[in-house]
1. Multiply the residue separation of S33 and V14 by 0.36 nm, subtract the distance between their alpha-carbon atoms, and state the gained length in nm to one decimal.
2. Apply 1/(1 + (r/R0)^6) to the Cβ-Cβ distance of V66 and K45, taking R0 = 30 Å, and write down the FRET efficiency to the nearest 0.05.
3. Apply 1/(1 + (r/R0)^6) to the Cβ-Cβ distance of T53 and T88, taking R0 = 30 Å, and write down the FRET efficiency to the nearest 0.05.
4. If DNA, RNA and ligands are ignored and the probe is 1.4 Å, what is the ranking of F10, F96, F87 by accessible area, most exposed first?
5. Using 19 Å as the cut-off for backbone N distance, which residues of the stretch 94-116 belong to the label zone defined by a point 7 Å from the Cα of Q81 along Cα→Cβ?
6. Compute the signed sum of charges (Lys and Arg +1, Asp and Glu -1) over the other residues within less than 14 Å, Cβ to Cβ, of T86.
7. Based on alpha-carbon atoms only, what is the radius of gyration of the chain relative to the globular estimate 2.2 N^0.38 Å?
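The values are calculated or read from the model by the stated rules, or taken from the named source; none is laboratory data. Because the structure is predicted, anything quoted here is derived from the model rather than measured. Every residue, glycine among them, receives a Cβ derived from its backbone with ideal geometry; neighbour counts consider all protein chains shown. Remember, those area values only see protein heavy atoms, side chains included, never the ligands or the DNA or RNA. Shrake-Rupley method; radii C 1.70, N 1.55, O 1.52, S 1.80 Å.
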Amino acid sequence: MSSQNEGNNFRDVVRWEQDEAGRLSREVVTVASGESLSMGEVVGKVTLSCPTTGTPADGNTGGGTVGSVTAGAKAILGEYQIKCLTFTDSPADGTFEVTNPDGLRLPDATLAAYTSDQ
(Lines give C-alpha, C1' and ligand atoms only; values in the text may rest on other atoms or scores of the structure.)
Protein backbone atom coordinates (compact mmCIF):
# COMPACT_ATOMS: atom_id res chain seq x y z
CA MET A 1 0.00 0.00 0.00
CA SER A 2 1.44 3.37 -0.98
CA SER A 3 1.29 6.43 1.26
CA GLN A 4 1.10 10.12 0.51
CA ASN A 5 2.29 13.07 2.57
CA GLU A 6 0.54 16.41 2.41
CA GLY A 7 2.08 19.65 3.68
CA ASN A 8 0.29 22.03 6.04
CA ASN A 9 -2.57 24.04 4.63
CA PHE A 10 -4.51 27.00 6.02
CA ARG A 11 -7.11 24.84 7.80
CA ASP A 12 -4.33 23.01 9.69
CA VAL A 13 -3.21 26.29 11.25
CA VAL A 14 -6.37 28.42 11.64
CA ARG A 15 -9.59 26.76 12.76
CA TRP A 16 -11.79 29.87 12.48
CA GLU A 17 -11.52 33.63 12.01
CA GLN A 18 -13.65 36.35 13.42
CA ASP A 19 -13.78 39.94 12.18
CA GLU A 20 -15.50 41.67 15.06
CA ALA A 21 -14.96 45.35 15.96
CA GLY A 22 -11.87 45.56 13.75
CA ARG A 23 -10.12 42.65 15.46
CA LEU A 24 -8.67 40.34 12.87
CA SER A 25 -7.05 37.07 13.79
CA ARG A 26 -4.23 37.64 11.30
CA GLU A 27 -2.48 40.52 9.60
CA VAL A 28 -0.15 41.12 6.69
CA VAL A 29 3.51 41.59 7.64
CA THR A 30 6.79 42.03 5.80
CA VAL A 31 9.33 39.27 6.40
CA ALA A 32 13.05 40.08 6.38
CA SER A 33 14.90 39.23 3.19
CA GLY A 34 16.36 35.73 3.18
CA GLU A 35 13.87 34.26 5.67
CA SER A 36 12.22 30.98 4.78
CA LEU A 37 9.02 30.41 6.75
CA SER A 38 6.74 27.40 6.76
CA MET A 39 2.95 27.59 6.98
CA GLY A 40 1.94 27.97 10.63
CA GLU A 41 5.42 28.83 11.88
CA VAL A 42 5.41 31.17 14.87
CA VAL A 43 7.18 34.47 14.16
CA GLY A 44 8.10 37.49 16.27
CA LYS A 45 7.55 41.12 15.39
CA VAL A 46 10.10 43.90 15.87
CA THR A 47 8.17 46.86 17.23
CA LEU A 48 10.96 49.02 18.65
CA SER A 49 14.57 49.60 17.78
CA CYS A 50 17.60 51.34 19.25
CA PRO A 51 19.43 54.05 17.28
CA THR A 52 23.09 53.28 16.63
CA THR A 53 24.38 56.85 17.08
CA GLY A 54 23.49 59.88 19.16
CA THR A 55 21.73 62.97 17.80
CA PRO A 56 22.77 66.42 19.07
CA ALA A 57 20.07 68.75 20.32
CA ASP A 58 19.37 72.03 18.48
CA GLY A 59 21.84 74.72 19.55
CA ASN A 60 24.32 72.13 20.79
CA THR A 61 27.96 73.26 20.64
CA GLY A 62 31.15 71.21 20.54
CA GLY A 63 32.52 68.54 18.30
CA GLY A 64 31.92 65.39 20.32
CA THR A 65 30.00 62.46 18.94
CA VAL A 66 28.26 59.40 20.34
CA GLY A 67 28.61 56.20 18.36
CA SER A 68 28.10 52.44 18.61
CA VAL A 69 24.95 52.77 20.73
CA THR A 70 23.26 49.57 21.86
CA ALA A 71 20.31 49.00 24.19
CA GLY A 72 20.99 47.23 27.49
CA ALA A 73 18.74 44.59 29.02
CA LYS A 74 16.90 47.24 31.10
CA ALA A 75 16.63 49.97 28.45
CA ILE A 76 13.39 51.93 28.52
CA LEU A 77 11.55 53.64 25.68
CA GLY A 78 12.39 57.29 25.14
CA GLU A 79 15.31 59.71 24.81
CA TYR A 80 18.42 59.41 26.93
CA GLN A 81 20.25 62.70 27.56
CA ILE A 82 24.02 63.18 27.80
CA LYS A 83 25.34 66.48 29.21
CA CYS A 84 29.01 67.46 29.37
CA LEU A 85 30.02 68.29 32.96
CA THR A 86 33.80 68.70 32.54
CA PHE A 87 36.17 68.59 29.59
CA THR A 88 39.86 69.25 28.95
CA ASP A 89 41.61 69.23 25.57
CA SER A 90 45.05 68.10 26.66
CA PRO A 91 45.15 65.46 27.85
CA ALA A 92 41.69 64.67 26.49
CA ASP A 93 39.38 63.98 29.43
CA GLY A 94 35.74 64.52 30.20
CA THR A 95 32.85 63.62 32.46
CA PHE A 96 29.28 63.42 31.20
CA GLU A 97 25.94 63.24 33.00
CA VAL A 98 23.67 60.50 31.63
CA THR A 99 19.91 60.74 32.26
CA ASN A 100 17.31 58.15 31.24
CA PRO A 101 13.89 59.03 29.73
CA ASP A 102 12.29 59.02 33.20
CA GLY A 103 14.72 61.74 34.31
CA LEU A 104 16.74 59.40 36.54
CA ARG A 105 20.48 59.99 36.52
CA LEU A 106 22.60 57.00 35.55
CA PRO A 107 26.31 56.62 36.38
CA ASP A 108 28.43 59.35 34.78
CA ALA A 109 30.20 58.60 31.52
CA THR A 110 33.77 59.42 30.50
CA LEU A 111 35.52 59.55 27.13
CA ALA A 112 36.09 55.81 27.40
CA ALA A 113 33.45 53.24 26.50
CA TYR A 114 30.33 53.60 28.65
CA THR A 115 28.32 50.63 29.84
CA SER A 116 25.04 50.46 31.73
CA ASP A 117 22.24 47.92 32.09
CA GLN A 118 20.13 50.49 30.21
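1. On the way: separation 19, 0.36 × 19 = 6.84 nm, distance 2.53 nm.
Length difference between fully extended and current span is 4.3 nm.
2. So the FRET efficiency works out to roughly 0.60.
3. Working: r = 24 Å, r/R0 = 0.81.
Here the calculated transfer efficiency is 0.80.
4. Details: F10 85, F96 40, F87 110 Å².
The ranking, largest first, comes out as F87, F10, F96.
5. Under 19 Å, as judged by backbone N against the label point of Q81, lie 95-110 of the stretch 94-116.
6. On the way: positive: K83; negative: D89, D93, E97, D108.
Charge balance near T86 sits at -3.
7. 1.82
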